[in-house]
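These notes concern the structure reproduced below.
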Amino acid sequence: MRNAIRQAVDITKVSESKIGQVDFNNLNFGKVFTDHMFVCDYVNGEWQTPKIVPYGPLTLDPSARVFHYGQAVFEGMKAYKDDHGDTFLFRPDENFKRINKSSERLAMPEFPESYFFDGLNTLLELENDWIKPGFGNSLYIRPFSIATQASVSASEADEYKFMIICSPAQSYYSGDVSVLIAEEFSRSANGGIGYAKAAGNYAAQFYPTNLAKKQGYQQIIWTDADTHQYIEEAGTMNLFFRVNDTLLTAPISDRILDGVTRKSLITIAEKEGIHVDVRPIKVSEIVDAATNGSLKEIFGAGTAAVVSPIKAFGYKGEHYELTPQENSYAAHFKKALLDIQYNKVEDPFGWRVKV
Ligand code: COI
């Protein structure tokens with residue numbers, strides 16, 4: 001908890017929890033939601049008193065601008081429970097700053113810090129039983145903001161809803177992932193909204209991802225909009241390439257999301273003396289490295305994906321399989337990250353925040 005005095009939140013509790021109906025050993029990512037949700041409306045230029053209410057559908061006017069012009073931004077966070085029953089967030093300030101940065105880009109009002117953290121802490125205390133201890137169990141937290149004003153006039157709205165919903169989660173991907181490097185699709189161009197966690201950036205991914213699926217790949221790797229010669233990020237996560245013992249990752253830019261997991265892994269690697277080369281990565285060098293055997297690993301990094309090993313990639317009709325590594329960086333970094341998140345080790349970086 002940040003301040004002794006919390007921002008007031010009006011709470012209406014459910015009469016009966018649905019937690020008994022949930023099979024926590026067989027969770028599909030993002031399908032089950034907890035009993036309550038956080039809601040705060042922006043009206044007349046001000047955020048109103050936040051509320052926590054039973055989880056349920058919203059009523060919106062069909063002309064609400066989110067439906068027409070996509071003014072919608074979101075975040076992905078997780079709460080972790082340790083073996084003593086204490087709950088932690090991981091670098092929540094980063095998510096808070098990023099949703100406001102995304103909102104600024106989409107001409108949406110920023111959300112106040114005290115509303116965000118006091119609302120989130122109150123919600124997590126209420127949903128404590130939904131956060132199960134043990135590596136791999138977490139509560140996925142989805143803050144988001146949408147334009148609710150009724151009108152199809154093509155300008156930014158005057159009314160918004162900021163909400164937080166929570167979903168008990170295990171892994172996002174089951175097993176290793178294979179990816180297709182895009183020859184013609186991009187997440188964003190310079191000057192676009194790629195750096196924002198805007199809903200539309202993810203909608204734009206579904207069509208190319210479906211094409212990739214038809215070729216047997218689960219996910220797309222975006223390449224740059226100008227030349228399609230440089231690797232950017234994957235559909236749901238940032239990327240790392242291990243070439244011999246060096247880690248490569250693309251720099252963040254106008255087009256690439258400044259991933260919290262990505263930057264945490266860079267910090268952990270550097271502390272351990274592993275060289276991380278943050279620079280533009282040519283597709284051709286990854287293809288060459290796969291061909292000559294110096295490409296040891298590829299893995300994705302994200303809140304939902306955690307650290308996801310990539311076992312193969314496709315590019316221009318060719319398929320490249322990676323040889324499994326005995327001491328893989330992906331497994332090592334995943335454990336180092338989870339150890340901090342689940343309060344198993346000291347946190348030398350000050351990333352863990354107790355709820
Ligand atoms: C996350 O990792 O939290 C994300 O928001 C990615 C999402 C597409 C599942």
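The values are calculated or read from the model by the stated rules, or taken from the named source; none is laboratory data. Keep in mind that what you see is a predicted model, and the values were worked out from it rather than measured. So basically every Cβ, Gly included, is an ideal-geometry build from the backbone, and we count neighbours across all protein chains shown.
Which condition breaks for Phe206 when tested against (1) of a type in the set (Phe, Trp, Tyr); (2) within 13 Å of the ligand (Cβ to nearest atom); (3) surrounded by 15 or more Cβ atoms within 10 Å (Cβ to Cβ)?
Of everything listed in (1) of a type in the set (Phe, Trp, Tyr); (2) within 13 Å of the ligand (Cβ to nearest atom); (3) surrounded by 15 or more Cβ atoms within 10 Å (Cβ to Cβ), Phe206 misses just condition (3).
Which number in (1) without any contact (Cβ under 8 Å) to a residue 24 or more places away in the chain; (2) over 18 Å from the mean Cα position of the chain (by Cα) marks the one condition that Trp130 misses?
(1)
When you scan the stretch 182-201, do you find a residue that is in contact with a Lys or Arg (Cβ under 9 Å, 6 or more places away or on another chain), more than 30 Å from Tyr69 (Cβ to Cβ) and not charged (D, E, K, R), even just one?
Checked the stretch 182-201: no residue is in contact with a Lys or Arg (Cβ under 9 Å, 6 or more places away or on another chain), more than 30 Å from Tyr69 (Cβ to Cβ) and not charged (D, E, K, R).
What number of residues within the stretch 63-112 are part of a strand (DSSP E or B) and either in contact with a strand residue (DSSP E or B) (Cβ under 6 Å, 6 or more places away or on another chain) or away from the ligand (no atom under 16 Å from the Cβ) (or both)?
Result for the stretch 63-112: 12.
Got a sec? Which strands (runs of 3 or more DSSP E) wholly within the stretch 126-193 have at least 2 residues that are among the hydroxyl-bearing types (Ser, Thr, Tyr)?
Output list reads 138-147, 160-169.
Please determine whether any residue of the stretch 12-24 is assigned to a loop (DSSP other than H, G, I, E, B) and closer than 18 Å to Pro143 by Cα.
Checking the stretch 12-24: not a single residue is assigned to a loop (DSSP other than H, G, I, E, B) and closer than 18 Å to Pro143 by Cα.
Take the residues of the stretch 235-276 that are away from the ligand (no atom under 14 Å from the Cβ) and polar (S, T, N, Q): which is nearest to Thr323 (Cα to Cα)? Don't jump to the end; show me each part of the working.
Quick first cut of the stretch 235-276, residues away from the ligand (no atom under 14 Å from the Cβ) only: 240-255, 266-276.
Subset that is polar (S, T, N, Q): 244, 246, 249, 253, 267.
Details: Asn244: 13, Thr246: 17, Thr249: 20, Ser253: 31, Thr267: 26 Å.
That would be Asn244.
Hey, Lys161 hits all of (1) at pLDDT 95 or above; (2) among the charged types (D, E, K, R); (3) within 16 Å of the ligand (Cβ to nearest atom) but one; which does it fall short on?
Unmet for Lys161, out of (1) at pLDDT 95 or above; (2) among the charged types (D, E, K, R); (3) within 16 Å of the ligand (Cβ to nearest atom): (3).
What about Ile252, is it under 17 Å from the mean Cα position of the chain (by Cα) and not in a strand (DSSP E or B)?
So Ile252 fits the description; yes.
Between a first residue in the stretch 334-349 that is within 12 Å of Phe88 (Cα to Cα) and in contact (Cβ under 8 Å) with a residue 24 or more places away in the chain and a second residue that is hydrophobic (A, V, I, L, M, F, W, C) and assigned to a loop (DSSP other than H, G, I, E, B), which pairs have beta carbons less than 8 Å apart while being 6 or more apart in sequence or on different chains?
Leu338/Phe135; Ile340/Phe349; Ile340/Trp351; Tyr342/Phe135
Are any of the residues in the stretch 277-284 closer than 25 Å to Gly350 by Cα, more than 16 Å from the ligand (Cβ to nearest atom), within 22 Å of the chain's Cα centre (by Cα) and in the same structural domain as Lys334 (by TED's automatic domain parsing)?
Yes - at least one qualifying residue is present in the stretch 277-284.
Name the residue, out of Ala154, Ala150, that is exposed (fewer than 15 other Cβ atoms within 10 Å of the Cβ), over 16 Å from Leu239 (Cβ atoms) and touching a Pro at 6+ places or on another chain (Cβ under 9 Å).
That would be Ala150, the only listed residue that is exposed (fewer than 15 other Cβ atoms within 10 Å of the Cβ), over 16 Å from Leu239 (Cβ atoms) and touching a Pro at 6+ places or on another chain (Cβ under 9 Å).
Out of Phe38, Phe33, which single residue is crowded, with 16+ Cβ neighbours inside 10 Å, assigned by TED's automatic domain parsing to the domain that holds Glu127, away from the ligand (no atom under 16 Å from the Cβ) and closer than 26 Å to Asp93 by Cβ?
Result: Phe38 is the single residue among Phe38, Phe33 that is crowded, with 16+ Cβ neighbours inside 10 Å, assigned by TED's automatic domain parsing to the domain that holds Glu127, away from the ligand (no atom under 16 Å from the Cβ) and closer than 26 Å to Asp93 by Cβ.
Can you name the number of the only condition in (1) under 19 Å from Lys335 (Cα atoms); (2) buried (at least 22 other Cβ atoms within 10 Å of the Cβ); (3) aliphatic (A, V, I, L, M); (4) over 13 Å from the mean Cα position of the chain (by Cα) that Met237 fails?
(4)
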